[in-house]
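So the structure is just underneath, and the comments pick up after that.
The values are calculated or read from the model by the stated rules, or taken from the named source; none is laboratory data. These figures come from a predicted structure and were not determined experimentally. Cβ placement follows ideal geometry from the backbone for every residue including glycine, while neighbour counts extend to all protein chains displayed.
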């Protein structure tokens, strides 16, 4: 049985849940601070620790968007890591441990008239 949340903890938890539901990934600490009207990121960090201690979320250290909701046997997590990013070389990212190559944005442009 999870411990009950204070009003402020519940506000932070709801913001995180709605953000993940809308965007598919977790918010940063700064985004949480803006979203719930807190001036200090250290206050957000304290609330995140409290939510984790009470069993509502999980966090992966040293990753800005790695807050996962816990509950009903369901964990939502998307951890994105940039593996390689250099000019003129395709960017490689890892999402939940699977690597993907991102094409350069210029490759997506439609050909100009007369070119094809």
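For the stretch 41-59, enumerate the residues that are touching a helix residue (DSSP H, G or I) at 6+ places or on another chain (Cβ under 7 Å), surrounded by fewer than 19 Cβ atoms within 10 Å (Cβ to Cβ) and modelled with pLDDT of 90 or more. Result: 41, 45, 50. Just one of (1) farther than 16 Å from residue 70 by Cβ; (2) touching a residue at least 24 places away in the same chain (Cβ under 8 Å); (3) in a helix (DSSP H, G or I) fails for residue 20. It is (1).
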